[in-house]
Structure formats: structure tokens, C-alpha cells
Amino acid sequence: MTELDLLDTVPTGLLIDGQWRPATSGKTFDVEDPATGRVLMSIADAGAEDGAAALDAAATAQASWAKVPARERGEILRRAFDLVTARAEDFALLMTMEMGKPLAEARGEVTYAAEFLRWFSEEAVRVSGRYSVSPDGKSRLLVTKKPVGPCLLITPWNFPLAMATRKIAPAVAAGCTMILKPARLTPLTSQLFAAVMLEAGLPAGVLNVISSTSAGATTGPLIKDSRLRKLSFTGSTEVGRRLLADASETVLRTSMELGGNAPFVVFDDADLDAAVNGAMLAKLRNMGEACTAANRFIVHESVAEEFSEKFAARMATMTTARGTEETSKVGPLIDAKSRDKVHELVTDAVSAGATALVGGAPEDGPGYFYQPTLLTGVTESARLFSEEIFGPVAPIITFHDEADAVRLANKTEYGLVAYVYTRDLNRGIRMGEQLETGMLGLNAGVISNAAAPFGGIKQSGLGREGGSEGIEEYLYTQYIGIADPYAS
Ligand code: NAP
């Protein structure tokens, strides 16, 4: 399909109660291609009234949706998996067009995103409770799980399909209705995905989509509405903190998948070629615009030079181009602001003594490209040691012993993921025990998997997505105490 033909298949309205409709205000907004700066298409721009209508629809549909048998909900997800898989090329191209990632990576995201649909189609029928006799032998304890109710799902721009399916699939499996607010910069993938969910048989009102340029004004009132029972947010720690404060007003249940500052630790006994392969994935996947992106390479001083040289040689082969081009190994950053912030961090590190072995500058337009960059001699005081880079920049800092590596790795408010390369399994396990992160890649540069619990600790968030834990975020536990059935 050509790019124009594909855009023709993307709904332009808001999805409310099973109908695509214009925004109440009549407003629309443009979605751009970050590789060219050109407008791809315009879609409806939701406001507070549309948010309210979406919550009305979700709240109304909740009771009947919760009664739909789990098997049927699972089968809708399974059909959605088949449909997304059949249209994998369309989804991949659309993500490349609106987000910028190279087509090969976009295809990888489609596979990963679809897997949440398949995984939760299977988990839908595994929700269970328990029946037991109380310790004193008198009463009976019945424990059941119920859908938490209407959910607000807010997603970021960096993984337009996977961040949506990672929330929508468990919510559907659990029997919740929902309102999705995709990121303003990449809403088209969610628009197309919502159409696929309808085609898969999702009833009206279960999934409502309100793309918007006024996130706070559109979703703020929903968070304060007592009919909303859950907020699941993926995005920056800064916005997450604000939403948590808002959610406290109604004691709203929340899941927060926030920012990261992943350490990538290379010990002196590591297989350095494997470590460089892992580093390439952990750093350059998604142009470094991933919460799981390795943000700090913490390398043993005795292998730092060899690791840096090998890593630099690989980085130098990474050509930038629009993601649809065959030569594209690294796409553009999402917008000018993000590109400028990356350059600011690089400039700050260099002025503090770091050396750019590769890259170190933005590229000329059009588009928001930044050269893949490798910095050595980075110090702990450099801003990019503590701030999320969100770009193709790899800073290397050295350590002298295990305790030093642990200290450096944990020196952050974030705690999403860490990567450790060593041939010593005991050391790997010790690192797992000492690192303050929700996830660890041991000799692995990518660990995302629909069957695993994804999530962070410290200021990287609350809750888990994926795995058997993922559906729990959309269920609440109810306990029913039953009087002694033998009492007269
Ligand atoms: P962001 O600026 O926090 O935005 C995330 C989402 O929140 C967008 O849909 C945004 O809408 C919306 N939003 C912004 N302000 C809001 C408000 N006041 N009320 C309600 N919604 C609001 O983050 P981003 O730049 O899109 O994404 C990058 C961040 O996400 C990084 O920090 C990254 O680490 C994190 N992330 C975390 C994970 C994880 O699983 N832990 C995964 C992916 C990304 P607009 O688009 O309109 O601004």
C-alpha cells in the first residue's frame, strides 16, 4: 500500500461509543512526519466535552461488558492479534511515518505489540479466586477478582502500538471499559488500532479514543470523576508525578510506567563482542528514545578502551535516514525540541571533559536527525549521568570494582531496568540482588517480552505490565465472608 493509501484507511474522528465523530469544538490538529517535518494528516482534536462523552460511554458500557464471558473477551483479543498480524506492514509503515523509527524496527514493534493481544487472550480465562476455611474452622472465605471498572489509559509517542496494546489487551481481558488518550505526536497508530479492535468485535463503548492537543484539559476532569476507577499512564516521571497528585483526590487506582536511566554495566570478564551487540540494541533501538534505553555505560577500567573502540566502530556504521529508506539504521528524533535537548546534554558533557569518539552533533534538516554519538571520559557530574537522554548518545564512564559499579548504577532516582555483562553467573546474580531496578538484562540488551512483568521501582513507576501480573492491574479483589455452614 502506498503511504497516501494507508493514510486514507486511518479514521480521522474521535471514537466514542462505537462511532467515529468530529470533536465537539470542530477542531482538528496536524500530525507530522519527523523525518521531513511535513504534515501527514489532520485528525479531530478532543476537548473536555469529548472527554466527558467518552467517560459516559465507558461508564454505561461497563456493566454489560463485565458480564461478557471471559472466553468471548479472549476471542476478541485473539481476532485482534490475527488482524494486526495480517496488517503488520500497514502498522509498521504508519509508525515509521508518524514516529520516525526505521521500518525494520517498526516491524519488530508490531510483533511485540501483537503479542500482548495474544498473551492476554490466553490470560482472560485464567482469572480465578479461592475458597477456604478460616483458621478457627468456623467461617468460609471466598475470594474473587472483578474488573476494576472504567479506565483512563494515557500513552506516550515512542512506541505508538505497543504502549497501547500493553494496556488495552489486559483491560479487555479483565472486563474493563476504557478511554485511550494517545500522544499528540503519534496518534495515528492508535486510531488505526482502534478500528481493528472494532473489526475484531469489541462492543461499542468498551474502547473510546480521544486524541487531543490539550491532554490536561481533556483528561483532568475524568481523573476527578468518581465513575473512573483506574488510571494507567506511560510517560515521563514529571507528568506521572502530577497525575498521581490529581489521582489522590479520588484515591484513584493507578499504574505508572515512567522514565528510566538504565545503567549498562560491563565487567572485565564479559564477552566484549556480545556486550557491544547488546549495547547497540540497548542504546540505538528506537533511536535511544526508549524508557529502557541504556543511558549510562559503566565499564570496568581494564576493558573500557577496547569496549569503546569496538562500540565506536559499530556506531560509525549507523546511517541516519527516513525510516522508510533502505539505508536507514537510525531515524529522526521526534521533534526539534527533543533533538535540541539531546544536543544540550552532549554539549554539557563535552564541556565537562568528555570526548566524542563518534558523532556529537545534530544533522542538517529537513527532519530532526541526531548523529549516533559515543562519549568517553564522562563524569558523574555531567547532566546526562542523571537525566534521561532519549537520543542516540552513549556516554561511557569507568569503574574499578563491583561495589563501585553498584554505587554508580544505583546513583539515580530512576529504577526501571539495568543491563549487566559478565561471564560469572554468581556475579550476575549478586548484581541482580544489589541493583535497584524492576528489571535486569543479564548478558541481554533487550528484555521486553509480553509474558514478563515490565515495570520499575523508585521514580520509574508503580505496577507491572505484561506477564500474569499485567491483568492484575485491571482487577480488584473482593472477599466474601460466609458464616459457619454447620452452625444451627
Ligand atoms: P509525556 O510528555 O509524559 O507524555 C505522555 C503522555 O501523557 C502523552 O499522551 C501526553 O500527551 C500526556 N500528558 C502530558 N501532560 C499531561 C497532563 N497534564 N495530563 C494528562 N496527560 C498528559 O511523555 P512522552 O514524552 O510522550 O514520552 C516519553 C517518556 O515516557 C519518557 O520519560 C519515557 O521514559 C517514558 N516511557 C516510559 C515507559 C515505561 O514503560 N516505563 C515506556 C515508554 C515511555 P501529549 O502527547 O499531548 O503531550
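The values are calculated or read from the model by the stated rules, or taken from the named source; none is laboratory data. As the structure is a prediction and not an experimental result, all values here were calculated from the model. Note that we place each Cβ from the backbone using ideal geometry, even for glycine, and neighbour counts take in every protein chain shown. Areas reflect the complete protein model, heavy atoms only, side chains present, ligands, DNA and RNA absent. Shrake-Rupley method; radii C 1.70, N 1.55, O 1.52, S 1.80 Å.
Some notes on this structure:
- Each of the peptides 16-23, 327-334, 164-171 was scored by the mean count of other Cβ atoms within 10 Å over its residues; in descending order, highest first, they stand as 164-171, 327-334, 16-23.
- 5 angstrom amide H check on Asn208, placed H, neighbours 5+ away: Met178, Ile179, Leu180
- Set of lysines with alpha-carbon distance to Lys27 below 29 Å, sequence-local pairs under 8 removed: Lys101, Lys167, Lys181, Lys224, Lys230, Lys337
- Column: log10 I(q)/I(0), Debye, Cα scatterers of the range 21-171, q = 0.09, 0.11, 0.13 Å⁻¹: -0.43, -0.61, -0.80
- A Förster radius of 22 Å, combined with the Cβ-Cβ distance separating Val39 from Gln19, puts the computed FRET efficiency at roughly 0.30.
- Between helix 272-284 and the chain: long-axis angle, C-alpha atoms, 0 to 90°, nearest 10: 60 degrees
- Neighbour-limited loop hits for GluC sites (Glu not before Pro), the range 265-327 (at most 13 other Cβ within 10 Å; DSSP other than H, G, I, E, B): Glu301, Glu326
- The Ile480 and Arg427 beta-carbon pair, evaluated with R₀ = 41 Å, returns a calculated FRET efficiency of approximately 0.25.
- Environment charge at Glu388 (Cβ cut-off 11 Å; Lys +1, Arg +1, Asp -1, Glu -1): -1
- Put simply, the amide H of Val299, placed in the peptide plane, has neighbours under 5 Å in Val266, Ile397, Thr398, Phe399, leaving out anything fewer than 5 places away on its chain.
- Carbon/sulfur fraction of accessible area - the chain, other protein chains in place, 1.4 Å, %: 52 percent
- The chain - accessible surface per residue (Å², probe 1.4 Å): 39 Å²
- Between 0 and 90 degrees, the angle of helix 188-199 with respect to the longest Cα principal axis of the chain falls at about 30 degrees.
- Relative contact order (%) - criterion: Cα under 8 Å, at least six apart; region: the range 100-168: 38 percent
- Using θ = phi - 60° and Karplus 6.51 cos²θ - 1.76 cosθ + 1.60, couplings along the range 25-31 (whole Hz; Gly, Pro as x): 6, x, 6, 10, 9, 8, 10
- 222 nm mean residue ellipticity, helices alone, for the chain (DSSP H n ≥ 4; -39,500 (n - 2.57); rounded to 500): -12000 deg cm²/dmol
- Using alpha carbons only, the radius of gyration of the range 262-449 set against its Kirkwood radius gives Rg/Rh = 0.95.
- Inter-part distance where the range 104-180 and the range 2-64 are each reduced to a Cα centre, Å: 24 Å
- Mean separation of Cα contacts under 8 Å, 6 or more apart, over the residue count of the range 262-449: relative contact order %: 29 percent
- Area projected by the alpha carbon convex hull of the range 307-363, averaged over all directions, nm²: 4.5 nm²
- Debye log10 I(q)/I(0) at q = 0.13 Å⁻¹ for the chain, Cα point scatterers: -1.20
- As a length-normalised measure over Cα pairs under 8 Å and 6 or more apart, the relative contact order of the chain settles at 18 percent.
- Kirkwood hydrodynamic radius of the range 175-316, from inverse mean 1/r over distinct Cα pairs, in Å: 18.4 Å
- Proximity of backbone amide H atoms, modeled 1.01 Å from N, is registered between Leu440 and Ala418 at under 5 Å, excluding neighbours fewer than 5 places apart on the same chain.
- Annotation: the antiparallel percentage among DSSP beta bridges lying fully within the chain is about 45.
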